[in-house]
1. Can you run down the residue pairs with Cβ atoms below 8 Å, 6 or more apart or on separate chains, where the first is in the stretch B:19-32 and more than 9 Å from every other protein chain (Cβ to nearest Cβ) and the partner is in a loop (DSSP other than H, G, I, E, B)?
2. Go over the candidates B:Glu209, B:Glu201 one by one and state the one that is within 14 Å of chain A (Cβ to nearest Cβ) and part of a helix (DSSP H, G or I).
3. Of all residues being over 24 Å from B:Leu233 (Cα atoms) and either crowded, with 18+ Cβ neighbours inside 10 Å or polar (S, T, N, Q) (or both) in the stretch A:1-24, which is nearest to the other protein chains (Cβ to nearest Cβ)? Just the residue, please.
4. Restricting to the stretch B:143-189, what's the tally of residues that are within 23 Å of A:Met22 (Cα to Cα) and either under 21 Å from the mean Cα position of the chain (by Cα) or surrounded by 18 or more Cβ atoms within 10 Å (Cβ to Cβ) (or both)?
5. What number of residues within the stretch B:226-248 are at the interface with another protein chain (Cβ under 8 Å from one of its Cβ atoms), assigned to a helix (DSSP H, G or I) and either surrounded by fewer than 20 Cβ atoms within 10 Å (Cβ to Cβ) or free of Cβ contacts under 8 Å to residues at least 40 places away in the same chain (or both)?
6. Just to verify a result, which residue in the stretch B:202-229, among those that are among the charged types (D, E, K, R) and touching a strand residue (DSSP E or B) at 6+ places or on another chain (Cβ under 9 Å), is farthest from B:Ile151 (Cα to Cα)?
7. What number goes with the only condition from (1) crowded, with 20+ Cβ neighbours inside 10 Å; (2) more than 10 Å from every other protein chain (Cβ to nearest Cβ) that B:Gly221 does not pass?
8. How many residues does the stretch B:3-18 contain that are facing chain A (nearest Cβ under 7 Å), surrounded by fewer than 18 Cβ atoms within 10 Å (Cβ to Cβ), in a loop (DSSP other than H, G, I, E, B) and free of Cβ contacts under 8 Å to residues at least 24 places away in the same chain?
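Laboratory data are not the source of any read-out in this text; all were calculated from the coordinates shown. Being a predicted model, the structure only gives us computed values, none of them experimental. Reconstructed Cβ throughout: ideal geometry from the backbone, glycine too, with neighbour counts over all protein chains shown.
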Amino acid sequence: MKEISPGSPEFAEVKARFERLMDAASEDVVIREKLTEDSFRQFCATILTRVAEQMGYIIHNATEFVRDMKWAASEGWRQGVTKARENRLRPRA
Amino acid sequence: MRYLTDFRRLNMADLIASLMGALRKQNPAITAPDADKLQRQLENEIAKQQPPTIAFIGLTGVGKTSTVNTLFNHDLPVSHTRPCTTLPTPVSGELYEFTGAKGDLIVYDMPGLGEDEDTDEKYYAMYRDILPRVDVAVWVINVPNRQVAPIQQAIRRLRAELGDAQVNKIVVAASMADRIEPYNWVPGANIPSKEQDEHLEDYLSSISERIAKVLTLRSGGIVAYSNTKRYQLERLMRQIVESAPPERAWLFGEVADVADVRELIDPRFLQYIEQASLPPRR
């Protein structure tokens, strides 16, 4: 296939699909970050609750103290996706 | 141009500090020495976690080893493997500890179904044995193979014998997306052509409909990806993390090292996009 350049008739179509793919990949990265952090927090909650109990403490609402309120409100995640899209169009520093 | 968000790895030290702060605030009875002890225990538990364990199932040649490299090792020229001695060796297939760019991974490389009835039965017994030992299993078929009946049957049997929790670890993915007709991958942009996109959509629709009868598909459906073109690798990695047990998923985040698709995009194409995205001059 020949090189696609702005003069190519299919440039607009290729550009649109390319940008959609990059946006989707950025969203996948942001979601993976969230899943990774949520998982780590959950892991910590389980360990801390168990160890605290062995030491004679009862931890109440373990899942509450591990929740990052930013993520819990979903705004942080949405902002992350929006920021990823903005970064797509911003030149690398 | 960035065009793709860079994955931010966990800042564990900061996270642990903030968790301990929140814990003490909500549980003021915990003394300072006890809080220190709690934190040390937590850090010990983190350090002694077994590496993430993943099974790749598929016929020879579908790209299982390449997939391990492009997801966990993309900066290293060769994969460093050694026999795994900490887990039982499967009857067939290969088990190895893999040292990727960011950390260790335990990989079960297992043969796929559909070549012979007798070996299929033997391989099925292996899946039944291995599935409870892994965090995630990725079942790979290669585009444009549409023979999913053996996979359907195996998943149905595994669900009946092992239960939903084990089967829900399975991610089905289609490798070699760039090899779909009419073989005219767009150079420069490094994306499928419009015709390839349409054929991929049709292909994925066909196999998804059948796989969905036996397995709940991940968000985004079955991923068609390419190791050679680094196409849709972030989607596949996301589905792997989604499928892992909730308290183990973070380990995949730690060792993931997904090959960067941007390295295969022609800088001139990126310049064209940049220029086309600028507002028109007055």
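1. Qualifying pairs under 8 Å: B:Arg24/B:Ile30.
2. B:Glu201
3. A:Ser5
4. 15
5. 4
6. Only one residue tops the list, namely B:Lys229.
7. (1)
8. Total meeting the criteria: 1.
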